[in-house]
Amino acid sequence: IRSFPRILRPLAFIFFSPYHFLARKTLKKADGISSISAPFLDWSVTLAGRKLHEHDLVAPLTTPKVEVGEVNSEMSLDFWRSKGIDLEIAEPKFCFVGSLSTAFDFQTIVETARKFKGNKRKGKFIICGDGAGRDLFQKQTSDLDNIFFPGWVSNSELKILFKHASASI
């Protein structure tokens, strides 16, 4: 309601009041509430008219921050070398991390990698992850030696990759 101009707020309040009532009623009857952040959880229990209890949960949408120690750094660099990628060589590295779904259009990456190769420009395209689109993507790039498909990678391997990457796709 606050996002509406002041003059329209009373009308917005009337329009949205059934939804506000349903949300409050639902949250009041819930045995527990989960949320992606503590402020959202606080808002929810306040709307429910109760206090936090042991059945309430904050479940972030991201993984916890992982610090990579010296041993993990060297192991991660070894992992990348085993995949044919020496991260310590000074050349552009572009990385994608995620699901290789057919919902994504990877054609721009393929065309860019071809231009790099055709113009004899150095650079690596590192495509991390897996999915239904992986086979087609690999087939389209089978003649390119500047695209790599290491599959899923660990947090420390990913952190080292991002540390050395020029850009993320």
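The values are calculated or read from the model by the stated rules, or taken from the named source; none is laboratory data. The structure presented is a predicted model; accordingly, all values stated were derived computationally and were not measured. Because the Cβ atoms are built from the backbone with ideal geometry, glycine has one as well, and the counts that use them run over all protein chains shown. What goes into the accessible areas is simple: the full protein's heavy atoms, side chains included, and nothing from ligands, DNA or RNA. Shrake-Rupley method; radii C 1.70, N 1.55, O 1.52, S 1.80 Å.
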*In this structure, is residue 83 under 19 Å from residue 168 (Cβ atoms) and touching a Lys or Arg at 6+ places or on another chain (Cβ under 6 Å)?*
no
*Of 115, 163, 122, 139, which residue is in a helix (DSSP H, G or I), closer than 20 Å to residue 81 by Cα, open to solvent by 80 Å² or more (accessible area, probe 1.4 Å) and not β-branched (Val, Ile, Thr)?*
163
*What are the residues in the stretch 25-56 that are out of contact with any Ser or Thr (no Cβ under 7 Å at 6 or more places or on another chain), open to solvent by less than 90 Å² (accessible area, probe 1.4 Å), in contact (Cβ under 8 Å) with a residue 24 or more places away in the chain and not β-branched (Val, Ile, Thr), if any?*
32, 34, 47, 48, 49, 56
*Being part of a helix (DSSP H, G or I) and of a type outside the set (Asp, Glu) is the filter; apply it to the stretch 83-112 and report the residue that is most open to solvent (accessible area, probe 1.4 Å).*
108
